[in-house]
Protein chains: 6
Amino acid sequence: MARSAVIKIGGHVLFDGVELNVGYVRELKDALVEAAGAYDWLAVVVGGGELARRYVEWGRELGLNDSALDMIGIRVAATNAALLWAYFHGVAPPSIPSSLQEAVAMLPAWRVVFLGGLQPAQSTTTVAALLAEAVRAEKLVIATDVDGVYSDDPRRNPAATRFEEVAASELEKMFSGGLVAGGYRLLDPLTLAVLRRSGIEAYVVAGRPPRNIVRALRGERIGTRILPK
Amino acid sequence: MARSAVIKIGGHVLFDGVELNVGYVRELKDALVEAAGAYDWLAVVVGGGELARRYVEWGRELGLNDSALDMIGIRVAATNAALLWAYFHGVAPPSIPSSLQEAVAMLPAWRVVFLGGLQPAQSTTTVAALLAEAVRAEKLVIATDVDGVYSDDPRRNPAATRFEEVAASELEKMFSGGLVAGGYRLLDPLTLAVLRRSGIEAYVVAGRPPRNIVRALRGERIGTRILPK
Amino acid sequence: MARSAVIKIGGHVLFDGVELNVGYVRELKDALVEAAGAYDWLAVVVGGGELARRYVEWGRELGLNDSALDMIGIRVAATNAALLWAYFHGVAPPSIPSSLQEAVAMLPAWRVVFLGGLQPAQSTTTVAALLAEAVRAEKLVIATDVDGVYSDDPRRNPAATRFEEVAASELEKMFSGGLVAGGYRLLDPLTLAVLRRSGIEAYVVAGRPPRNIVRALRGERIGTRILPK
Amino acid sequence: MARSAVIKIGGHVLFDGVELNVGYVRELKDALVEAAGAYDWLAVVVGGGELARRYVEWGRELGLNDSALDMIGIRVAATNAALLWAYFHGVAPPSIPSSLQEAVAMLPAWRVVFLGGLQPAQSTTTVAALLAEAVRAEKLVIATDVDGVYSDDPRRNPAATRFEEVAASELEKMFSGGLVAGGYRLLDPLTLAVLRRSGIEAYVVAGRPPRNIVRALRGERIGTRILPK
Amino acid sequence: MARSAVIKIGGHVLFDGVELNVGYVRELKDALVEAAGAYDWLAVVVGGGELARRYVEWGRELGLNDSALDMIGIRVAATNAALLWAYFHGVAPPSIPSSLQEAVAMLPAWRVVFLGGLQPAQSTTTVAALLAEAVRAEKLVIATDVDGVYSDDPRRNPAATRFEEVAASELEKMFSGGLVAGGYRLLDPLTLAVLRRSGIEAYVVAGRPPRNIVRALRGERIGTRILPK
Amino acid sequence: MARSAVIKIGGHVLFDGVELNVGYVRELKDALVEAAGAYDWLAVVVGGGELARRYVEWGRELGLNDSALDMIGIRVAATNAALLWAYFHGVAPPSIPSSLQEAVAMLPAWRVVFLGGLQPAQSTTTVAALLAEAVRAEKLVIATDVDGVYSDDPRRNPAATRFEEVAASELEKMFSGGLVAGGYRLLDPLTLAVLRRSGIEAYVVAGRPPRNIVRALRGERIGTRILPK
């Protein structure tokens, strides 16, 4: 059985507003090359970021419903994945996987694959968890714009504390709630349920610097470790 | 814009244990022909039923994880969809859609399409809601083995009452909870969130007799009407 | 044989800088609905615009070569096509065609299809001409940010005059030259060669207001008419 | 249920040696247009002819085995199908179906589809019978280079008589035997078994002139009628 | 050129009636792991078994024709293949190949692939022979519910003797005959013709215990060896 | 990053008129095996040759336009590619890539892929240049029926001299001009523009003997070396 890991990189980690952070992407590649050295397969799921949010906004003004808006946001995320694919593998990118089955199918030959979202009403974090489950990944690293999971919103509540380790079941209680296109939360209920049911250990780390991803894969104490229970 | 409706038919409605209820399927076709007459497009999502549950059990004994188990259950549901496709259209069935995009792509030419599930950790009811949203369906009818949504489990609590009408937001509070392969509930949180965000009116009706589906599509008082709020 | 027309809409017509012109898109839909009424099939090829240019810039900083850059620009154009597809047909968009064959395959069922680019080193105007040729379109309308073809760059040379009518062979002499990713000209040599060899009449019109497209399809005197000789 | 018919046209009917008989193809189109008027769906399966035989010969000299040779012959037949598709529909042809499922999938939108072979060790006549069965075609017409089925080889035995009508079961006894790439017989055992099991009435007629096909579809006395028993 | 072998495993070998024999599948995996060690590529074709037979029965009651019934049986066989794929590779299974070309395309990356049937009126044994031919497999092992080929039905005639070795041409004479959906025989004429024309050596062995497969691949005296002449 | 090279082999190199030169193909395989030893990936683009030209002629008589004619010529080239695939890899060929993305997608698993053309109005030489660019090939070798690029047509002008080395920009001036289906020139403007923009070094060599290809890949002085400037 192939040893594998899955990494989710938030769109807002790759971009500063509507500008790609090119320097960041360079360092990210180095981190991914290092990470790929420790696994047979590595899957990287990227978000759409601010550009996706803009498209969603325009579509909403035109009266598109959430399904169509999500599909368009997914296309922006896949464009980001294509850019990373081209940069990592040094080729004009092939078709970006548009289903879990396609992602699995491409792993044995490419070893490192990049994808965006898959379906409306589904966050790219859920995609990452589903793919981690599909390939029995040893770890899922969620690289985002905060450095872990906090007891409360750290931007509003200075007393909020970061969990070093927390059970998925605990988080389920904290993060339940609504669902609006493009506005998913850090860890939605479905992601947590998937982690729990398949025993996948996840880390939430600050995506910058990208070495945090490597450190989490190595099991270092960084960000928040989410126990699948 | 094409006028459309989506119907979810639970696997346990089509089957009695591991036996297809052939007489039921005959009546169902008549109902679907009638329903199809009132819409440009009709999408029918079918569940896997007891046979899917059996495959899941065997796979679990072999140590497959939930992702693989769900994928196998999805294949059984798609086999049921293929059987209905063949019976409804009188042809050897083409590929059954394996993504929302494929389902949408087939509707203009076929007008009536049948599919099973799409992804692990997703009920066929969620698939039906997502597809209803994707095509801006006027109605979603969920044909299942109870005749509506009850205030409590009617098999255990004789005082349980059936809702004639209930808001999705009310149901969200009632039906939150865990997620186990093959054991999804009548209406999971994601389904309800999708209905709410896109304003889709849904009906939960007893799948037997199949005319209940036609009656719900016509707006008759039957089963439980779920308001998208 | 199906009667058809092809319309190319430049990305810079849809967008003001990096902002979609939502009001324009609304009017464009009305124009396309009207245009669709006169043909069996209508194909709309859209450009990537300023957002594609941005992605190309970021990719270039990362050292991607022109092939990869073009593929990423094509993805942005396809995202624009998906947005228009969703708005025009009122559905979550199916897969956007990624080859001429796929575009042709979708026309009989959808009647109106939207696509972006197809290959590196190929402008979306060339795509439009190739598709016009593939379906023997009666007309190709190129809706762009100038109101026709001029004898010289009208922004620099106030004495430049607009052609009411010009032969493709004349234009070939005027517009030959280099090829840089994302920086194709109004009418490249390949487009002109395709128009000539298949006898397709083309119009270059100002994309704003979108009724210009309808007027060109009707054969009114507008923009520049390019004769296939 | 869509009313349909399937027509098999032998490669040797379309070609004179290695030269396409262009005049014949023109008349064939007229016949197919007329035939298409009487059905919802019409599927036309074409053979590879002498050019396929040549490729098979070259491949055999290179030591390819029969599977590879058949696949290459199938490609030639599909090229012939593409040419007819282009001529009939007036478009650059989309992908030619490479499975029964794809052929069925394209019929509702295109109404008239053209294909070549599908699998090694399978004649295009078998493909036609399988497709006739898949769509419950009312009739299968096999247009070939003889004017029906004879009691013996009419080129060698002048006493051979043509059957006006013959049961498939009778033919099964006559036509059993070996299997060599590219050298299938008029009616192989599998074709006959398919006709029998699904009750499809077939006609073997001389492919020239092509009006014979129309006459057979109309039930006129022409060629040999094969009863599915 | 890749060294390869193909294994056909009858549905009735995997299942006891409608119950998967989980213990058997565990041992089968060990045997396949061992077999895979000796080849570059290994393809495993599985049958549908009793569950496929049930679906066929239900479909027949509904009036589906043999083509549709076979397609549904193929789906059950592919579900069995998906279960084995998941168990062997430890992943949620990608798309199961639905054509010879797809099976060949997946072999270089996956090395061991699992599939069910491909077309109506074709046994999974024929599929295995066609795939063996397509990849120039050194051996085809047919694991079934008898321990070889007998001179007569051993369940009825106690004097029936098992062949240690028999020519395909001899078997052709013994096994000709009719064709009914779901009721194919051990070795149909097409399978034998394919083996002969491409010189593939085949073994018919008892599928239980699964080590018989390994023994046949090693050339041990087991079951019946079918010589391609 | 994978090291790669791309080879274009003209149809007229493989064929003598309408006859495949079998002896040549044998030697070509040896050369390709040797070439493949020096790279991770090798892509071979083949032309259609005289058979493609014949199909184009027949289609033209039927009134097909250039788009359809080119698509049919592409199919003949892909048939040639399938024959080489079967011969090189010793398998029945999988689907021949019909887009750059598909060609890129198949390289990691197959290492050596064969394809024909991709789009109307595009030479197979352009396809080879685009694919070389897509995979950042170190070299592109164009094996054709002349032994390099001459200052004038050597068949008409005995004073014509062969360039040992020439800049793409110089050739652009020499080779501009018209575009007719099936009649592309040795090096069209688009090919040259692609070579220049991506810095790909190309060689034009006589395709016979095939060792010329190996020699060009090794950097020996042979044919004409085209500098990407």
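Data for the structure
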{"read-out": "Cα-Cα P(r), segment A:46-168, percent of pairs per 10 Å interval", "value": "12, 35, 32, 19, 3"}
{"read-out": "For segment E:25-84 versus segment A:20-44, the gap between their alpha-carbon centres in whole angstrom", "value": "40 Å"}
{"read-out": "Column: log10 I(q)/I(0), Debye, Cα scatterers of chain D, q = 0.07, 0.15, 0.18 Å⁻¹", "value": "-0.20, -0.97, -1.44"}
{"read-out": "Convex hull volume of the protein assembly as shown per residue (C-alpha atoms, cubic angstrom)", "value": "175 Å³"}
{"read-out": "Solvent-free Debye scattering, log10 I(q)/I(0), computed from the Cα coordinates of segment A:56-111 at q = 0.22, 0.24, 0.28 Å⁻¹", "value": "-0.86, -0.93, -1.09"}
{"read-out": "Within chain E, helix-based [θ] at 222 nm, where runs of 4 or more DSSP H residues each add -39,500 (n - 2.57), nearest 500", "value": "-13500 deg cm²/dmol"}
{"read-out": "Contact order relative to length of chain C, as percent, for alpha carbon pairs under 8 angstrom and 6 or more apart", "value": "25 percent"}
{"read-out": "Square roots of five times the Cα gyration tensor eigenvalues for segment F:97-165, Å", "value": "31, 13, 9"}
{"read-out": "Simple Cβ-charge dipole of segment A:4-227, Lys/Arg +1 and Asp/Glu -1, about Cα centre, in debye nearest 20", "value": "220 debye"}
{"read-out": "With 10 Å bins from 0: P(r) over segment F:8-110, alpha-carbon pairs, percent", "value": "14, 43, 32, 10, 1"}
{"read-out": "Order of D:140, B:69 under a 10 Å beta carbon neighbour criterion, fewest first", "value": "B:69, D:140"}
{"read-out": "Square roots of 5 times each gyration tensor eigenvalue, C-alpha, segment B:1-44, largest first, Å", "value": "25, 11, 5"}
{"read-out": "Protection proxy ranking, peptides B:192-204, C:112-124, D:217-229, average beta carbon neighbours within 10 Å, highest first", "value": "C:112-124, B:192-204, D:217-229"}
{"read-out": "Axis-proximal residue, chain B, for the rotation superposing B on D (Cβ, Å)", "value": "B:109, 2"}
{"read-out": "R0 of 41 Å, Cβ-Cβ distance residue F:156-residue F:30: FRET efficiency to nearest 0.05", "value": "0.75"}
{"read-out": "Under the span-like rule (Cα at least 18 Å along the axis, Kyte-Doolittle mean at least 0.5), DSSP H helices of chain D", "value": "D:66-89"}
{"read-out": "Shielding by partners - mean other protein chain Cβ count within 10 Å, residues of B:94-105", "value": "6"}
{"read-out": "Burial order of peptide ranges A:156-162, B:145-151 (average beta-carbon count within 10 Å, highest first)", "value": "B:145-151, A:156-162"}
{"read-out": "Cβ-vector label at 7 Å, residue A:17, separations to other copies in nm", "value": "0.9, 6.8, 7.1, 7.1, 7.4"}
{"read-out": "Among F:83, F:186, F:42: highest mean-square fluctuation, GNM of chain F, C-alpha pairs under 10 Å", "value": "F:83"}
{"read-out": "Straight-distance crosslink candidates among lysines, where the alpha carbon sits under 30 Å from residue D:229 and sequence neighbours closer than 8 are dropped", "value": "D:8, D:139, D:173, E:173"}
{"read-out": "Residue B:44 long-range amide H proximity, modeled H, under 5 Å", "value": "B:7, B:113, B:114, B:115"}
{"read-out": "Dipole of segment B:4-227 [Lys/Arg +1, Asp/Glu -1 at C-beta], most positive-end residue of B:112, B:39, B:80", "value": "B:39"}
{"read-out": "Residues in segment F:187-214 reached by a label modelled at residue F:169 [backbone nitrogen below 15 Å; 7 Å Cα→Cβ]", "value": "F:192-200"}
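Read the figures in this text as sums done on the coordinates, not as results from a lab. Just so it is clear, the model here is predicted, and its values are computed rather than measured. Heads up, the Cβs are rebuilt from the backbone with ideal geometry, glycines too, and the neighbour counts pull from every protein chain shown.
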